[in-house]
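The structure under discussion appears below in the form of structure tokens.
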Amino acid sequence: MTTELHHFVAGKPAPGTSGRFADVFDPSTGAVQARVPLAAADEVRAVVGDAARAQREWAAWNPQRRARVLMRFLDLVRSEEDSLARLLSSEHGKTIPDARGDIQRGLEVVEFAIGIPHLLKGEYSDNAGTGIDVYSMRQPLGVVAGITPFNFPAMIPLWKAAPAIACGNAFVLKPSERDPSVPLRLAELFVEAGLPPGVFSVVNGDKEAVDALLTDPRVEAVGFVGSSAIAEYIYSTAATHGKRAQCFGGAKNHMIVMPDADLDQVTDALIGAGYGSAGERCMAISVAVPLGQATADALVERLAERVRTLKVGASHDEAADFGPLVTAEAVRRVRDYIDIGVAEGAELVVDGRGLTVAGYENGFFLGGCLFDKVTPEMRIYREEIFGPVLSIVRAEDYEAALRLPSEHEYGNGVAIFTRDGDTARDFTTRVNTGMVGVNMPIPVPIAYHTFGGWKRSGFGDLNQHGPDSIRFYTKTKTVTSRWPSGTKEGASFVIPTMK
Ligand code: NAD
């Protein structure tokens, strides 16, 4: 029997009324396990109306009371982390320990947002002019929306919702239609934690629901994470409709391997960052750039052996290094890229296309693949593959290696592995990329710093979480005040200056 999922509106589950549904699969078996309703525009408008009503009351709560709700939410999520991780893994296909990481990185932003009384403190200038005080305060925007991808169904909704709610906004989430069950459960836990109904809503859907959010005048800001073409569309459409937007897109993250790096460490780092979560991470390393032929030959030899012996299994298999891809369509897309790479002349050192997992013959599996001698003109280098495929691009020298991530159209993350501080320092300063790791393959910044890529990996001005998120989800009001002592100065026709 297939479960029928719902939306979450006004503090409770609400069935879809559009009559349209999408299938939610168990990627390990390939079976449909649920149907998710796809909201029509009028359903989205009703959710926004409800959120707008709830937001007025919520914004009047003092920040400390709002933080207490987030504290309770944190405890509730922690208390059912096991079942949430299983649910997440069953719809996404990532392993259960990896699903726990997805939840944990989301909770860290909730922990950050609990500091909201401190984070919302404004600015104050005493006696800016004689008897004049100037102060700035941060006020919530109103209703804000989040549109999120399939690959982190707990982390990314929480990265957006926690700061937005803490600032006093109502948040409408449109999660990925591929794995909506964890966001729906998080919505229930928010209400259990004491969040007033309507402050966090979930509306499931596709382009129709997204367009309804983008064109609704009551939605003040839109936060998006997903592929770059959609990020650009959301950014420009939101701007046309007068909204604030921060939209994060795809990636092609490089790892530069200097000849002095410890190749055993490098190999471990590349195996984890390239193949973990089947490569379905926006911060996955998909390109390794060893310097010089000797480093490249030694690295490829080590990697090939490890990639051939990767354990691929059902998402709940405790022995699996990674599980299936999210859909059959994702497997087809990645396989097409492997065909393209071979046709383009790259050397397919390990071919994972023949993999089957016993007992799970209909699952969406693909084994690890390794390409050597990839060049910057090839499509497998220029485009995001989003699967368990690592490409080696051999660089002659440091400047050539530095140019590769710097000139790539994506600019999300990059890493350098070296034992030389001078090289690392030069690299971090000059590379044209938003997030940099030094001997760290996946440099996802911690919750109280900010996360954001450059170039076609990020559209908008402010990053996610950290201090930028408080700026994004509030507007600044600046008050200039004076309490005159009865002196009458007469009208002034000159712009006020602080003499
Ligand atoms: P996606 O772009 O297909 O979907 C993202 C969201 O947009 C979903 O909620 C989806 O329903 C919606 N959407 C899809 N098509 C739409 C359309 N035509 N109009 C309006 N909305 C639409 O992305 P995905 O496959 O779910 O996620 C994978 C992508 O996300 C990868 O490109 C990955 O690099 C990227 N990603 C980026 C980051 C980052 O922080 N930069 C983080 C995670 C994932």
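Brief remarks on what is shown
- Residue identified as modelled with pLDDT of 95 or more, more than 30 Å from A273 (Cα to Cα) and of a type in the set (D, E, K, R) among K243, K174, K160: K243
- Of the strands (runs of 3 or more DSSP E) entirely within region 352-448, those holding at least 1 residues that are more than 20 Å from A278 (Cα to Cα) occupy 413-417, 435-438.
- L325 vs. criteria over 25 Å from N432 (Cβ atoms) and either modelled with pLDDT under 95 or within 16 Å of the ligand (Cβ to nearest atom) (or both): yes
- Cβ-Cβ contacts under 7 Å between residues 6 or more apart (or on different chains), taken from a first residue in region 224-251 that is assigned by TED's automatic domain parsing to the domain that holds M155 and in contact (Cβ under 8 Å) with a residue 60 or more places away in the chain to a second residue that is acidic (D, E) and more than 10 Å from the ligand (Cβ to nearest atom), are listed as R244/E220.
- Test: residue in region 353-360 that is basic (K, R), in contact with a helix residue (DSSP H, G or I) (Cβ under 8 Å, 6 or more places away or on another chain) and over 18 Å from T267 (Cα atoms): yes
- Residue pairs whose Cβ atoms lie under 6 Å apart, sitting 6 or more positions apart in sequence or on different chains, and linking a residue in region 442-460 that is within 28 Å of T267 (Cα to Cα) and within 10 Å of the ligand (Cβ to nearest atom) to a partner that is modelled with pLDDT of 95 or more and among the aliphatic types (A, V, I, L, M), are V444/M283; S457/A251.
- Unique residue being in contact with a helix residue (DSSP H, G or I) (Cβ under 6 Å, 6 or more places away or on another chain) and closer than 15 Å to L173 by Cβ when the list is V44, V48: V44
- Residue pairs whose Cβ atoms lie under 6 Å apart, sitting 6 or more positions apart in sequence or on different chains, and linking a residue in region 262-281 that is within 20 Å of A99 (Cα to Cα) to a partner that is within 16 Å of the ligand (Cβ to nearest atom) and part of a helix (DSSP H, G or I), are S277/D98.
- Scope region 361-397; condition touching a helix residue (DSSP H, G or I) at 6+ places or on another chain (Cβ under 7 Å), under 25 Å from V32 (Cβ atoms) and either among the aromatic types (F, W, Y) or free of Cβ contacts under 8 Å to residues at least 40 places away in the same chain (or both); matching residues: F364, F386
- Filtered residues of region 324-349 (kept if crowded, with 21+ Cβ neighbours inside 10 Å, assigned to a loop (DSSP other than H, G, I, E, B) and in contact with a strand residue (DSSP E or B) (Cβ under 7 Å, 6 or more places away or on another chain)): A346
- When residues of region 131-168 are limited to those that are touching a helix residue (DSSP H, G or I) at 6+ places or on another chain (Cβ under 6 Å) and assigned to a helix (DSSP H, G or I), the one farthest from the ligand (Cβ to nearest atom): A166
- L88 falls short of the stated requirement of being surrounded by 15 or more Cβ atoms within 10 Å (Cβ to Cβ), part of a helix (DSSP H, G or I) and either away from the ligand (no atom under 16 Å from the Cβ) or not assigned by TED's automatic domain parsing to the domain that holds S28 (or both).
- Residue within region 182-194 that is in contact (Cβ under 8 Å) with a residue 60 or more places away in the chain and closer than 21 Å to Y448 by Cα present: no
- Scanning region 18-41 for residues that are touching a residue at least 12 places away in the same chain (Cβ under 8 Å), out of contact with any helix residue (DSSP H, G or I) (no Cβ under 9 Å at 6 or more places or on another chain) and closer than 20 Å to G205 by Cα turns up F21, A22, D23, V32, R35.
Residues checked against (1) assigned to a helix (DSSP H, G or I); (2) within 22 Å of P324 (Cα to Cα); (3) in contact with a strand residue (DSSP E or B) (Cβ under 6 Å, 6 or more places away or on another chain); (4) in the same structural domain as F365 (by TED's automatic domain parsing):
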site	(1), (2), (3), (4)
A59	yes, no, yes, no
R66	yes, no, no, no
L70	yes, no, no, no
F73	yes, no, no, no
L76	yes, no, no, no
K94	no, yes, no, no
P97	yes, yes, no, no
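- Filter result for the condition that a residue is surrounded by fewer than 23 Cβ atoms within 10 Å (Cβ to Cβ) and among the aliphatic types (A, V, I, L, M), over L366, L402, L370, L390: L402
- Filter result for F386 (under 27 Å from S228 (Cα atoms) and within 16 Å of the ligand (Cβ to nearest atom)): yes
- Single match in E399, E409 (criterion: more than 21 Å from the chain's Cα centre (by Cα) and not assigned by TED's automatic domain parsing to the domain that holds N169): E399
The values are calculated or read from the model by the stated rules, or taken from the named source; none is laboratory data. All figures in this text were calculated on a predicted structure; none of them were measured in a lab. Heads up, the Cβs are rebuilt from the backbone with ideal geometry, glycines too, and the neighbour counts pull from every protein chain shown.
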